[in-house]
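What follows is a short report on a single structure.
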Amino acid sequence: MITLQTAQALLRPFTLNDAPDLLRITNQPGIMQYFPNPTPPTPERIDRMINNQIEHWTRHGYGWWALVFRDSNQLLGWCGLQYLPDTDEIEVGYLIDQRFQKLGITTEAATASLMYGFLDLEITTIIGITHPDNTASQRVLLKSGLTLTGPAHYFGMDCLRFAAHCESWSDQFAC
């Protein structure tokens, strides 16, 4: 697993030491409201989530990173790429502590994840999925260079699907 750096944050591998902070973040009121299972996770579910991401990295060469402040290593949430076996797609996803939303950190992290996927892994298409009411997440995807492709159905719920294709994502990079 590699570490990425943005202007404000690091995207580093998760460890089980992150579990208490991730539990605190995911149990903030309303933070899970747009997820397929909006129930705040238990400590056991957080441990499984972290272990699943470690396994995902081993299997696919990518996954979610722990998103932390560069200067303090304080956990802010997660960001990264996730393989969706039901549709054979790769999704950029994220969740950030409510105290640190609207600072541009999520957009930085999502953009770094896309860059890693396109340039290092040579992925041709990366999608983003949001609940139709989650306008903040939709702004992150748009600012990160994805475009709305339309309504879709993922994880048993109606969503909006966004996508970025390497060849059109950025003129700055050769994919």
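Bear in mind these aren't lab numbers, they're just calculated from the coordinates by the rules spelled out. Because the structure is predicted, anything quoted here is derived from the model rather than measured. Backbone-built Cβ (ideal geometry, glycine too); neighbour counts: all protein chains shown.
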Q.
Filter segment 68-97 down to the residues that are in contact with a Ser or Thr (Cβ under 8 Å, 6 or more places away or on another chain) and hydrophobic (A, V, I, L, M, F, W, C) and list them by number.
A. Cys79, Leu81, Ile90, Val92, Leu95, Ile96
Q) Restricting attention to segment 44-65, and to residues there that are surrounded by 19 or more Cβ atoms within 10 Å (Cβ to Cβ) and not in a helix (DSSP H, G or I), which single residue is farthest from the chain's Cα centre (by Cα)? A) Tyr62
Q | Residue count for segment 7-32, restricted to those that are within 17 Å of Ile54 (Cβ to Cβ) and among the hydroxyl-bearing types (Ser, Thr, Tyr) | A | 1
Q) Can you tell me which residues in segment 138-148 are part of a helix (DSSP H, G or I) and either β-branched (Val, Ile, Thr) or more than 15 Å from the chain's Cα centre (by Cα) (or both)? A) Val140
Q.
I need a count of the residues in segment 102-137 that are in a loop (DSSP other than H, G, I, E, B) and either in contact with a strand residue (DSSP E or B) (Cβ under 6 Å, 6 or more places away or on another chain) or without any contact (Cβ under 8 Å) to a residue 60 or more places away in the chain (or both).
A. 5
Q.
Quick check on my filter: what residues within segment 80-101 are in a loop (DSSP other than H, G, I, E, B), under 20 Å from Asp21 (Cβ atoms) and out of contact with any strand residue (DSSP E or B) (no Cβ under 6 Å at 6 or more places or on another chain)?
A. Gln101
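For every residue, the table says whether it meets (1) surrounded by 18 or more Cβ atoms within 10 Å (Cβ to Cβ); (2) hydroxyl-bearing (Ser, Thr, Tyr); (3) under 15 Å from the mean Cα position of the chain (by Cα); (4) closer than 16 Å to Phe35 by Cα.
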| position | (1), (2), (3), (4) |
| --- | --- |
| Ala109 | yes, no, yes, no |
| Ser113 | yes, yes, yes, no |
| Ile123 | yes, no, no, no |
| Gly128 | yes, no, yes, yes |
| Ala136 | no, no, yes, yes |
| Trp169 | yes, no, no, no |
